[in-house]
Amino acid sequence: MATRPATGVTIYQVAQRAGVSTATVSRALRNDPRISDPTRIAVQEAAAALDYLPRAAARSLAAGNRTHALGLVLPHIDGPYYADLLVGFETAASQAGYSVIITLANPRQDSRAAIRSLAAQVDGIAFMARSAARSDLIEEIARTRPVVTAARSRVGANDAFFVENEDVAEELTSHLLANGRQRIAFVGSPEPGSDLGMRHRGHQAAMTAAGLPTSTHPVFPSEQEGRRFALELLESGMEHDALVCGNDELALAVLQTLQQHGVRVPDDVAITGWDDTVTARYVSPGLTTVSQPVRQLGGMVVQRLSQRIDGADPTAEVVTLPATLAHRTSCGCNPTGGNNPNESNKELP
């Protein structure tokens, strides 16, 4: 059966455990700025320990009712990756009869109150990609709601969905090495358990196997940071002959900025990305990257959440979807047939 919350806990019990008034509990769980950090933390810890839900949600669930809504926790919604993820998630949710409520959990901010509030409004929650949702908070939510994680490290015994990262990143780096590149750097934030973290690990494995030193530039994967990094690289004297970027957004920003300052790609430096965005197919040179089924990932997460809400076998699923190298010319060699945007997915020699 689907997980149900303990509905008997009241705000009075939370207040008693935290040693504050019920009004303070209410304000703290709304992240009211008038509440001091120590008090807010004490209230949140008390609510977590008691599996407390706001009374409206508790009444609804105790009566066996549903909200017919799914929660989606993301770090942000910028860039093509998250656009595709949202399309896949929302399309599948609509087909299954659910609305979607999105909460953005910026890793630089405390989003615990917002996520707990989201849990009170939905039948199940997906935690996708890196975000401020720590593992202990996800496990807390999972005691009262079906939870699925995607594109991030698995939490506890919950369902988890991934797209292959580590092996493909190792293969991509090995291809650059086979083309004579030796001063290869990884560009991106390799956070443990994240997609970029696994790509970084695969890249390092290939460099270590080749007996070469590893180099990592922990750049936030956005266009703005990509441009900033490229300018810093120019100032430092272009020490690398290849860059394995954590996503296309970074790669395209780096590629364009370097070209604007006279650097030849791939003659002076090879550049690869990840995501296979539409733009990657039409820049010059065409961006060698990795195609991953992001929309399918979002849809599969909804399907699994829906099954769990309907009382499906609670045995957790761990699913890894395949990724495919999209071979173009920014890596330093030409795919058969030239840089044809319709011939993007080819095996690398």
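The values are calculated or read from the model by the stated rules, or taken from the named source; none is laboratory data. Not measured: the values here are computed from a predicted model. Here the Cβ is made from the backbone with ideal geometry for all residues, glycine too, and neighbour counts use every protein chain on show. Side chains are part of the model used for accessible areas, which takes the heavy atoms of the whole protein and leaves out ligands, DNA and RNA. Shrake-Rupley method; radii C 1.70, N 1.55, O 1.52, S 1.80 Å.
Miscellaneous remarks
- Largest-first ordering by accessible area, 1.4 Å probe, given options Val147, Val283: Val283, Val147
- Among the protein heavy atoms, those of Ser236 account for about 70 Å² of accessible surface (1.4 Å probe, every chain in place).
- Computed over the chain, the per-residue total of -39500 (n - 2.57) for DSSP H runs of n ≥ 4 gives a 222 nm mean residue ellipticity of -12500 deg cm²/dmol, rounded to 500.
- FRET efficiency, Glu232 to Thr320 (Cβ-Cβ, R0 45 Å, nearest 0.05): 0.80
- In this structure the chain gives 43 Å² per residue of accessible area when probed at 1.4 Å with all protein chains present.
- Taking a ≥ b ≥ c as the square roots of the eigenvalues of the Cα gyration tensor, the range 147-233 is classed as oblate, since a/c reaches at least 1.5 and a/b does not exceed b/c.
- Magnitude of the charge dipole, the range 151-287, Cβ model with Lys/Arg +1 and Asp/Glu -1, debye to 20: 140
- Peptide ranges 183-189, 205-211, 45-51 listed from the most packed, as the mean C-beta count within 10 angstrom indicates: 183-189, 45-51, 205-211
- Sorted from greatest to least, the principal axis extents spanned by the alpha carbons of the chain come out as 68, 41, 33 Å.
- Selected from Ser135, Leu29, Gln303, residue furthest toward positive end of dipole (the chain; charges at beta carbon): Leu29
- FRET E, pair Ser284, Ser153, Förster distance 30 Å, beta-carbon r, rounded to 0.05: 0.20
- Heavy-atom accessible area for Arg134, with the other protein chains in place and a 1.4 Å probe, reaches approximately 150 Å².
- Inter-site label distance for Glu139 and Thr214 at 7 Å from Cα along Cβ, in nm: 2.7
- Summing charges over neighbours of Ser215, with a neighbour being any other residue whose Cβ is under 9 Å away from its Cβ, gives 0 when K and R count +1 and D and E count -1.
- When Asp267, Asp159 are compared by accessible area of protein heavy atoms, the largest-first order is Asp267, Asp159, using a 1.4 Å probe.
- Accessible area of the range 260-334 belonging to carbon and sulfur atoms, whole % at 1.4 Å probe: 45
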